[in-house]
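The structure appears below as structure tokens.
The values are calculated or read from the model by the stated rules, or taken from the named source; none is laboratory data. Predicted model, so just to flag it, every value in this text is computed and none were measured. Cβ: placed from backbone, ideal geometry, glycine included. Neighbour counts: every protein chain shown.
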Amino acid sequence: IAGITQAPTSQILAAGRRMTLRCTQDMRHNAMYWYRQDLGLGLRLIHYSNTAGTTGKGEVPDGYSVSRANTDDFPLTLASAVPSQTSVYFCASKLGHRATDTQYFGPGTRLTVL
Amino acid sequence: KQEVTQIPAALSVPEGENLVLNCSFTDSAIYNLQWFRQDPGKGLTSLLLIQSSQREQTSGRLNASLDKSSGRSTLYIAASQPGDSATYLCAVKAVSNYQLIWGAGTKLIIKP
């Protein structure tokens, strides 16, 4: 593994089903993030984690949950998917919180909820 | 509430031209501004990061400027190439919540 991986690459899901999007990084970054990207809109932050064992809510957290049991993994769970959660989901990580630190992104998961 | 706007949403220019992409933000209380590149079906890659105290940053054919007082940033691409075709996004790190606030991006097409 080099960088950030996300799985699955894409998924079609029936409304009401539970789904977990996986994100793993091997850079030993402290901070991790989940964004959704919708057409015509900027990326919107769903949840974040500044360090293992802690999580926080972003701009659009409703309907999503996260956990950060260790440094490398940051799964995003949709407890009961709805069509408005159709989007492309990006996981990102960052070493720390210095002003010069930048986020590194995974390739994304395209999720369609029918 | 901080808002970030990128105009135009799409731009198509012939190869070799110099071009400017625009980013504006409503609240000057920012830590930094970043420009990212996104290729179709892929994640984002950081191009340039400008601290709030800086006026510009350069990397190769790319030059980004920041005018915090007017809430504007530009990304200048010199001698454009077809490989520059991508969506370019800007994001500001807000002082209010320490998170990135994103523009919707400019889709750039460089015609051979």
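Below is a table of values for the structure above.
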quantity: Check on A:G3, under 24 Å from B:A104 (Cα atoms), in contact with a Phe, Trp or Tyr (Cβ under 8 Å, 6 or more places away or on another chain), modelled with pLDDT under 95 and not aromatic (F, W, Y); calculated: no
quantity: Check on B:L48, crowded, with 20+ Cβ neighbours inside 10 Å, farther than 30 Å from A:P8 by Cβ, modelled with pLDDT of 95 or more and within 11 Å of chain A (Cβ to nearest Cβ); calculated: yes
quantity: Candidates A:G96, A:G42, filtered to the one that is out of contact with any helix residue (DSSP H, G or I) (no Cβ under 7 Å at 6 or more places or on another chain), modelled with pLDDT under 95 and buried (at least 18 other Cβ atoms within 10 Å of the Cβ); calculated: A:G42
quantity: Of all residues making up the range B:57-73, the number that are within 12 Å of the chain's Cα centre (by Cα) and not hydroxyl-bearing (S, T, Y); calculated: 6
quantity: Count - residues of the range A:36-62 that are in contact (Cβ under 8 Å) with a residue 12 or more places away in the chain and in contact with a Gly (Cβ under 8 Å, 6 or more places away or on another chain); calculated: 8
quantity: Selection count, the range B:13-47, where residues are among the charged types (D, E, K, R) and either closer than 20 Å to B:V95 by Cβ or touching a residue at least 60 places away in the same chain (Cβ under 8 Å) (or both); calculated: 3
quantity: The range B:51-66 residues that are farther than 13 Å from B:V92 by Cβ and away from every other protein chain (no Cβ under 14 Å), paired with ones that are among the polar types (S, T, N, Q) and surrounded by 13 or more Cβ atoms within 10 Å (Cβ to Cβ) (beta carbon under 6 Å, 6 or more apart); calculated: B:E56/B:S65; B:S65/B:T74
quantity: Verdict on B:T74 being among the polar types (S, T, N, Q), within 14 Å of chain A (Cβ to nearest Cβ) and assigned to a strand (DSSP E or B); calculated: no
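Conditions tested, residue by residue: (1) assigned to a strand (DSSP E or B); (2) loosely packed, with under 15 Cβ neighbours inside 10 Å; (3) out of contact with any helix residue (DSSP H, G or I) (no Cβ under 7 Å at 6 or more places or on another chain); (4) of a type in the set (F, W, Y).
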| residue | (1), (2), (3), (4) |
| --- | --- |
| B:K1 | no, yes, yes, no |
| B:V13 | yes, no, yes, no |
| B:C23 | yes, no, yes, no |
| B:D27 | no, no, yes, no |
| B:W35 | yes, no, yes, yes |
| B:G41 | no, yes, yes, no |
| B:N63 | yes, no, yes, no |
| B:L66 | yes, no, yes, no |
| B:S70 | no, yes, yes, no |
